[in-house]
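See below for the structure under consideration.
The values are calculated or read from the model by the stated rules, or taken from the named source; none is laboratory data. Keep in mind that what you see is a predicted model, and the values were worked out from it rather than measured. Here the Cβ positions follow ideal geometry from the backbone for every residue, glycine too, while neighbour counts run over all protein chains shown.
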Amino acid sequence: MGKCKGITSKLFIAGILVMLSAFGFAANGERKVLLVGIDGTQYERVIALDTPGFDRLNIVKAYTGGVAGNKSEQRTVSGPGWTTILTGVWKNKHGIANNTDGLANSNWPSIYRYLYNANSQLKLFGFSTWGPIHTQFFKNDMSFLSNHAEGGSDDDNVDRTLSVLYHDSPDFIFLHLDEPDAAGHSHGFGQEYDDSIIRSDKRLGRLLDAVAHREQTFGENWLVLVTTDHGRDFMGKGHGSQTKQEKTIFIASNKSLNEKYKKIVALPNKHFDGIYGLPAQTYIVPTILNFFGVMSDIHWRLDGLPLVGDINVNRVYANIGGKKCGLEWDVNTGTPATLGSNEHVAKFDCDGHADPLFIKGNKIYANIFNSGCSLQWDVDKGTPLTLEASEHVAKFDCTDDGDSLQINAQQITTYIDDQLCGFQWDADAGTPITLGRNEHVAKFDCQGSPDQVIIE
């Protein structure tokens, strides 16, 4: 009898822990996040200087500006940079190209809106020395915040943040600091710029002390993330272009950051000494969502991946002529000509390789050039010309949502114009001409049966 009672108690406790996890809590404390942005801070100067605040964190090099020459390319200036940091997507999705633009595209919400939608009882705060972050790009999200401020000095906004940390019960705080960017524009690289970073580091130390106080006093579990929006040009005065120095940023954290994304994101673009093998500023939002436990299926269409927690991928294969052929996206964006510039042909490659995919609910996602893309069928029936009138090219779309699919261990289907259409490979290898001779166009056939697939 006692043994049964013990088992029941353990099951009860396990159930409570699962429930707590579902609401974004962990056994080691309620989860909270502080995101600090220090504008225009060159990564190399942070590493070179005596910065005891940063030394308390794990810091990794990262990049901004999207992928040069790709749909995601954006200027290395504050407007696009901070909008990307707070949405997890590049300019081609959020729509902010310059510092003077208005509202960001609401189809790609800010972290404020994501967290509010997940739990409207969360206490959210935002203090920004550079006002346009709140007054232009995310003006409509300010009603979600318990308190916010725009403008003033860095010390003003640090004091506001410290007051919340010591005297309130915050769940999420975003703090923007501006001194290094202002010093760079005024003086370029040199003593004045270095001093601005040292002062920012002291402010960071005070913030970390306050977080440590909350963890020790209330048993909370805080994730601290520190980043910047862009680097600087050779002289340190300007920025905005696609150079290695201007694209180089950092992500620092009080938590260990995993590197599982390296096995998922493969960019053929090898420019800037391999910078695209690093995490991007688009990784901030997925990291926060994953830490809170509110990263839902749809968040895999964001342009970054979480740096905390697991990243689980799938691969899809078909047997074609006795070969194991993997589902991939075609590197030639927008080809064949029927597709848009943000779309990639889905194909089966019989050279034994398969791209990593995220099968979430009834949709399939891929990360292409550090952009979240979703599997769809092409609206132009029977194109490219190798396909029949009842067939639709399968594609990965990097700006729109994915089509709803029915997915099981052996086949994939979808409804097109009220017809159930099966996922297949095209019999004509190497067509359209953009594909190699060992590659087959993936398609949805609305008359034939779906081809058997293997999901691993």
Over the range 400-447, the set of residues of a type in the set (Asp, Glu) and either outside any strand (DSSP E or B) or at positive phi (or both) is 400, 401, 403, 417, 418, 426, 428
For residue 352, only one of the following conditions fails: (1) over 20 Å from residue 326 (Cα atoms); (2) surrounded by fewer than 17 Cβ atoms within 10 Å (Cβ to Cβ); (3) without any contact (Cβ under 8 Å) to a residue 60 or more places away in the chain. What is its number? (1)
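So that you can scan it fast, the table gives a plain yes or no per residue for (1) out of contact with any strand residue (DSSP E or B) (no Cβ under 9 Å at 6 or more places or on another chain); (2) of a type in the set (A, V, I, L, M, F, W, C):
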position: 404; (1), (2): no, no
position: 417; (1), (2): yes, no
position: 435; (1), (2): no, yes
position: 439; (1), (2): no, no
Before we move on, is residue 176 touching a residue at least 60 places away in the same chain (Cβ under 8 Å), not in a loop (DSSP other than H, G, I, E, B) and not aromatic (Phe, Trp, Tyr)? yes
Within the range 363-378, is there a residue that is in contact with a strand residue (DSSP E or B) (Cβ under 6 Å, 6 or more places away or on another chain), hydroxyl-bearing (Ser, Thr, Tyr) and within 27 Å of residue 313 (Cβ to Cβ)? yes
Given (1) out of contact with any helix residue (DSSP H, G or I) (no Cβ under 9 Å at 6 or more places or on another chain); (2) closer than 17 Å to residue 37 by Cβ; (3) not aromatic (Phe, Trp, Tyr), where does residue 149 come up short, assuming only one miss? (1)
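Restricting to the range 398-412, and then to whatever is buried (at least 17 other Cβ atoms within 10 Å of the Cβ) and more than 16 Å from the chain's Cα centre (by Cα), can you tell me which residue is farthest from residue 301 (Cα to Cα)? Give the steps one after another, and end with the answer.
Residues of the range 398-412 that are buried (at least 17 other Cβ atoms within 10 Å of the Cβ), as a first pass: 398-399, 402-403, 405, 407, 412.
In the following step, the residues that additionally are more than 16 Å from the chain's Cα centre (by Cα) were identified as 402-403, 405, 407, 412.
On the way: 402: 9, 403: 12, 405: 16, 407: 18, 412: 20 Å.
Among those residues, the one meeting the criterion is 412.
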Quick one: residue 321 ticks every box in (1) in the same structural domain as residue 45 (by TED's automatic domain parsing); (2) farther than 29 Å from residue 176 by Cα; (3) free of Cβ contacts under 8 Å to residues at least 60 places away in the same chain except a single one, so which number is it? (1)
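Among the residues of the range 372-395, how many are part of a loop (DSSP other than H, G, I, E, B) and either modelled with pLDDT of 95 or more or over 26 Å from the mean Cα position of the chain (by Cα) (or both)?
Taking the range 372-395 and keeping what is part of a loop (DSSP other than H, G, I, E, B), we get 378-390.
Checking the rest, the ones that are also either modelled with pLDDT of 95 or more or over 26 Å from the mean Cα position of the chain (by Cα) (or both) come to 379-390.
Residues flagged as part of a loop (DSSP other than H, G, I, E, B) and either modelled with pLDDT of 95 or more or over 26 Å from the mean Cα position of the chain (by Cα) (or both) within the range 372-395 amount to 12.
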Residue list for the range 288-310, filter: in contact with a helix residue (DSSP H, G or I) (Cβ under 8 Å, 6 or more places away or on another chain) and either surrounded by 20 or more Cβ atoms within 10 Å (Cβ to Cβ) or part of a helix (DSSP H, G or I) (or both): 288, 289, 292, 295, 299, 302, 303, 304, 305, 306, 307
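Yes/no matrix, rows are residues, columns are (1) assigned to a strand (DSSP E or B); (2) outside the structural domain of residue 43 (by TED's automatic domain parsing); (3) surrounded by fewer than 20 Cβ atoms within 10 Å (Cβ to Cβ):
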{"position": "222", "(1), (2), (3)": "yes, no, no"}
{"position": "225", "(1), (2), (3)": "yes, no, no"}
{"position": "230", "(1), (2), (3)": "no, no, no"}
{"position": "239", "(1), (2), (3)": "no, no, no"}
{"position": "250", "(1), (2), (3)": "yes, no, no"}
{"position": "273", "(1), (2), (3)": "no, no, yes"}
